[in-house]
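The values are calculated or read from the model by the stated rules, or taken from the named source; none is laboratory data. Here the structure is a predicted model, which is why all the values come from computation and not from measurement. When we count neighbours, we look across all protein chains shown, and the Cβ atoms used for this are built from the backbone with ideal geometry, even at glycine. These area figures cover heavy atoms from the full protein model, side chains too; ligands, DNA and RNA do not enter into them. Shrake-Rupley method; radii C 1.70, N 1.55, O 1.52, S 1.80 Å.
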Amino acid sequence: MAHFNPVTPELVEELKRVMSPKQVKTDEDYLVAYQTDEEGNSHYFSKPEVVVFPESTEQVVEIVKLANKYLVPITPRSAGSGVACGAIPVYHGIVVELERMNKILKLDPDNMYAVCQTGVITGDLQREAARHGLLYAGDPSSADSSQIGGNVANNAGGNKAVKYGTTRHQVYSLKVVTPTGEVVEAGSRLKKSSTGLCLEQLYAGSEGTLGIITEVTVKLYPQAPYVFNMVCVFKTDDEAFALPNKILKAGIDPTSIEFMDNEALVMTCKFLDMKMPHVDEGCDYVIVTVESFNEEESDRKMELLCDLAENNGSIDEFEADKRIWTLRKQFAEAARDVDKMFQTEDFVVPLDKIPDITKQIPELREKYGLYCVTVAHIGDGNIHVLPLNKEGLSPEEWFNKIKAFHRDLFPRVYALGGKMSGEHGIGFKKLDEFAKCTPAPELHVIKAIKKALDPNNIMNPGKLVDMTGDFVQE
Ligand SMILES: Cc1cc2nc3c(=O)[nH]c(=O)nc-3n(C[C@H](O)[C@H](O)[C@H](O)COP(=O)(O)OP(=O)(O)OC[C@H]3O[C@@H](n4cnc5c(N)ncnc54)[C@H](O)[C@@H]3O)c2cc1C
C-alpha cells in the first residue's frame, strides 16, 4: 500500500509562496499533459495533482521540503522523452518539471568543460560546444529534445558511446537536491580521485529515485576534423552482427557502430520518403562512423574497414553523408507513425553474445505473434527490438502480450551475461522484471541505499525498485 497523502489546497498555496503562482499549475490541461512521458500505452498513464516549474536549486529545495512535510510524492521530469515510464507520476502528487532551468552557466573552451543547469537541451549543448571547436559526446538520438539532467538520470547512451562512453562518462560533477532537501555537490573537475565514495556515479542512472539533479558539469573533447560514415551492406543479420568485435580489435577506434535491419530501413525510408541503396533487396545496414585528426589516418582506417567488412560478407560499402544519421535517428518517429504504443526493448549483452541472443528473436516473434523491427547500437551490444502493435490490440491486451514476451526474453538475456536495459532504464515499466532478474543481495543493497537517502520514499516512488512494502505508514 502507498502511504502518501493527497495534495491539499494548503500545499498548493505553500508551493506558490516558495515559487510564484505562475510556476504552480493545477489546471486539468496540465495534469493531463503530464500523465505520461514518451509512453503511448494508456495502461501506464497516471495524472499528477500539481505540476511545478522551479527556476533555481533553492526552489527545488523548498519543493522537496514541502513534499516531506506533507508526505506527498515527487516525480522529477526533464523533457519527458524517456521510454521506461520514469517520469510518470504513478502515485500522483507533484511533478517537478525542470525545463526552465535551461542555462549553460559556463563553457570554458581552454579547459574543455561546461557547467549546465539541468534543463539544458542536449542538442543545444552539443551546438554550443561545436561553436568553440569542441564536442559534447553525450548523443542520444533524442538530443534535440531531451535534457542534460534527464540524460544523466537515465545514463543515456546513444550514438557515440563506443568511443566516448555513455552519459555517466561525460560527467565531472553534479549538484543534487537530496530527497530530504539538502544540496550535495557530488564529484569535481578532476581526472582522478580516490577520495570517498563516487557519488556522482551513484546518482547517474538512478532515474530520479535518489534526488533531483539541478546542475551538471560535463567534459568536452576536441572536435576531430576528419569524419566519415561508412555503410556496410549485409544480406544476413548474422554476418552483420559478427562485425563490431572485429572492427574494435583492428584498432579502427570507431565513434559508433550502428545496425538497422531491413524492416527498420524500409519503415524509416518510407516515413522520410527517402530512397537508399540495397534496401529494396532485403539488406541490412551496419553504419560505422570514424573520427580522425589527420587525413592520412582517416583514409587508412576507411580502407581497413572496407576490407574487414568484405571479408565478413558485406556485399557493398558506401560512404554516406550526414543524412544517414537522419535515417538512423528518425527510426523511433517512424515506428510511432506505425503504432503509437510501440515498445522499445533495449537489452544489452557482451559483444560476442550478440548473435546468440539475436538468433533467438525469430522464435520469440513466432511464439508471441509479434511483428518487430530491430536497430542496435551494436558497437555497445545494445539491441533495440521494437515490437509494433500491428494487430491493433487494446492497451490492456498489448500490455499483457509484452509482459509475457519479457518473461521469456529477459532470462535468456541474463543467461548470456546481459541486462534488460542498456540505456533507457527500468522506470515503472520494467519494475517487476527488474525485481525478478536481479539477484536478491543486489536488490537488497539498492533498496538499502534508497531507504537510507529517502526515508519518506517521496522521491520518484514506484520506479526502479518497489519500496511500498518497506514504507507502510505507522
Ligand atoms: C526519438 C527518441 C530517441 C531516443 N534515443 C535514445 C538514445 O539514443 N539513447 C538513449 O539512451 N535514450 C534514448 N531515448 C530515450 C530518452 O530520450 C532518454 O532516456 C533521455 O535521457 C531522457 O531524457 P529526458 O530529458 O527526456 O528525461 P525524462 O524523460 O524527463 O526523465 C527520465 C528519467 O529521469 C528522471 N529525471 C529527469 N530529470 C531529472 C533530474 N534533473 N534529476 C533527477 N531525475 C531526473 C525522471 O524522473 C525519469 O525517471 C530516446 C527517446 C526518443 C523519444
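Suppose the Debye formula is applied to equal point scatterers at every Cα of the stretch 104-222; what is log10 I(q)/I(0) at q = 0.10, 0.13, 0.17, 0.19 Å⁻¹?
Computed log10 I(q)/I(0) values: -0.26, -0.44, -0.77, -0.96.
Which parts of the stretch 50-87 would a label at GLU10 reach, counting a residue when its backbone N lies under 20 Å from a point 7 Å out along Cα-to-Cβ?
50-51, 62-74
Tell me, what are the semi-axes, in whole angstrom and largest first, of the equivalent ellipsoid of the stretch 339-415 as set by the roots of 5 times the Cα gyration tensor eigenvalues?
Values: eigenvalues 99, 33, 21 Å².
Value: 22, 13, 10 Å, ordered largest first.
If you rank ARG77, ARG17 by how much accessible surface each has, with a 1.4 Å probe, what is the order from largest down? Can you show the working numbers first?
Values: ARG77 20, ARG17 160 Å².
Sorted descending by solvent-accessible area, the residues read ARG17, ARG77.
By how many nm would the segment from LYS69 to LYS235 lengthen if fully extended, with 0.36 nm per residue of separation less the alpha-carbon distance? All intermediate terms of the calculation are to be shown ahead of the outcome.
On the way: separation 166, 0.36 × 166 = 59.76 nm, distance 6.11 nm.
Taking LYS69 through LYS235 to full extension adds about 53.6 nm, to one decimal.
To the nearest 20 Debye, how big is the dipole of the stretch 398-474 about its Cα centre, given +1 on the beta carbon of each Lys and Arg and -1 on that of each Asp and Glu?
Working: 12 positive and 9 negative charges, 64 e Å.
That gives the stretch 398-474 a dipole magnitude of about 300 debye.
Solvent-accessible area of HIS278, probe 1.4 Å, all protein chains present, reported in Å² to the nearest ten, please.
40 Å²
How about LYS16: which aspartates and glutamates have a C-alpha closer than 17 Å to its C-alpha, ignoring those fewer than 8 places off in the same chain?
Counting by Cα, and skipping residues close in sequence, LYS16 has these aspartates and glutamates nearby: ASP27, GLU49, GLU55, GLU58, GLU62, GLU97.
Could you tell me how many degrees, from 0 to 90 and to the nearest 10, lie between the Cα long axis of helix 262-272 and the main elongation axis, the longest principal axis, of the Cα atoms of the chain?
Approximately 70 degrees, to the nearest 10.
Residues with beta-carbon under 13 Å from that of PRO48, excluding PRO48: net charge, scoring Lys, Arg +1 and Asp, Glu -1? Can you show the working numbers first?
Numbers: positive: LYS25, LYS47, ARG77; negative: ASP27, GLU28, ASP29, ASP37, GLU49, GLU97.
Residues near PRO48 contribute -3 overall.
In Å, what is the Rg of the alpha-carbon atoms in the stretch 324-474, and how long is Dmax?
17.1, 58
For the stretch 255-388, what is the Kirkwood hydrodynamic radius in Å, using each pair of distinct C-alpha atoms? It would help to have the intermediate numbers written out before the result.
Details: mean 1/r = 0.0624 Å⁻¹.
Radius from the Kirkwood sum: 16.0 Å.
Return the loop-located GluC sites (Glu not before Pro) in the stretch 163-257 (DSSP other than H, G, I, E, B) with at most 14 other Cβ atoms within 10 Å of their own Cβ; answer none if there are none. List each step's numbers first, then the result.
Working: sites: GLU182, GLU185, GLU200, GLU207, GLU215, GLU239; in loops: GLU182, GLU207.
Within the stretch 163-257, the qualifying GluC sites (Glu not before Pro) (loop, at most 14 other Cβ atoms within 10 Å) are GLU182.
What distance in nm separates the simple spin-label points at LEU248 and GLN360, each placed 7 Å from Cα in the Cβ direction?
For the pair LEU248/GLN360, the computed spacing is 2.0 nm.
Given a 1.4 Å probe and the protein chains all in place, what does the accessible area of GLU319 round to, in Å² to the nearest 10?
For GLU319, the solvent-accessible surface is approximately 110 Å².
Sorting LEU364, LEU190 by accessible area (1.4 Å probe), largest first, what list results? Kindly include the intermediate steps, with their values, before the conclusion.
Working: LEU364 0, LEU190 95 Å².
These residues rank, largest area first, as LEU190, LEU364.
With no solvent and one point per C-alpha, what does the Debye sum give as log10 I(q)/I(0) for the stretch 227-331 at q = 0.11, 0.15, 0.21 Å⁻¹?
-0.31, -0.57, -1.08
Of ARG323, ARG365, ARG189, which has the most accessible area with a 1.4 Å probe, and how do the rest follow in descending order? Provide the component values of the computation, followed by the final result.
Working: ARG323 150, ARG365 60, ARG189 115 Å².
Highest to lowest solvent-accessible surface, that is ARG323, ARG189, ARG365.
Ordered by packing density, taken as the mean number of other Cβ atoms within 10 Å over each peptide's residues, highest first, how do 18-25, 82-89 rank? Please list the in-between numbers first.
Values: 18-25: 16.0, 82-89: 27.0.
Order by mean packing, descending: 82-89, 18-25.
Give the lysines whose C-alpha is closer than 27 Å to that of LYS22, dropping any in the same chain fewer than 8 places away, or say none.
LYS47, LYS65, LYS69, LYS103, LYS175
Which value results when the Cα radius of gyration for the chain is divided by 2.2 N^0.38 Å?
Working: Rg = 22.5 Å, N = 474, 2.2 N^0.38 = 22.9 Å.
That ratio works out to 0.98.
Treating cross-link reach as a plain straight distance, find the lysines whose alpha-carbon is under 17 Å from the alpha-carbon of LYS322, omitting any fewer than eight places away in the same chain.
Reachable lysines: LYS160, LYS275.
Each label point is 7 Å from the Cα along the Cα-to-Cβ direction; what then is the distance between the points at LYS270 and ASN311, in nm?
Roughly 3.9 nm, to one decimal.
Quick one: which of 218-226, 100-108 comes out on top by average Cβ neighbours within 10 Å, and what's the full order, highest first? Can you show the working numbers first?
Values: 218-226: 17.3, 100-108: 15.6.
Answer by packing, highest mean first, reads 218-226, 100-108.
What does the charge count near SER256 come to, summing +1 for each Lys or Arg and -1 for each Asp or Glu among other residues with Cβ under 12 Å from its Cβ? Intermediate values should be presented prior to the final figure.
Numbers: positive: LYS160, LYS163, ARG328, LYS329; negative: ASP139, ASP253, GLU258, GLU291, ASP380.
Local charge sum for SER256: -1.
Residues with beta-carbon under 12 Å from that of ASN229, excluding ASN229: net charge, scoring Lys, Arg +1 and Asp, Glu -1? Intermediate results must be reported in sequence, preceding the final value.
On the way: positive: LYS322, ARG323, ARG328; negative: GLU258, GLU291, GLU317, GLU319, ASP321.
That works out to -2.
In nanometres, what is the gap between the two model label sites at GLU58 and LYS367, each 7 Å from Cα along Cα-to-Cβ?
For the pair GLU58/LYS367, the computed spacing is 5.8 nm.
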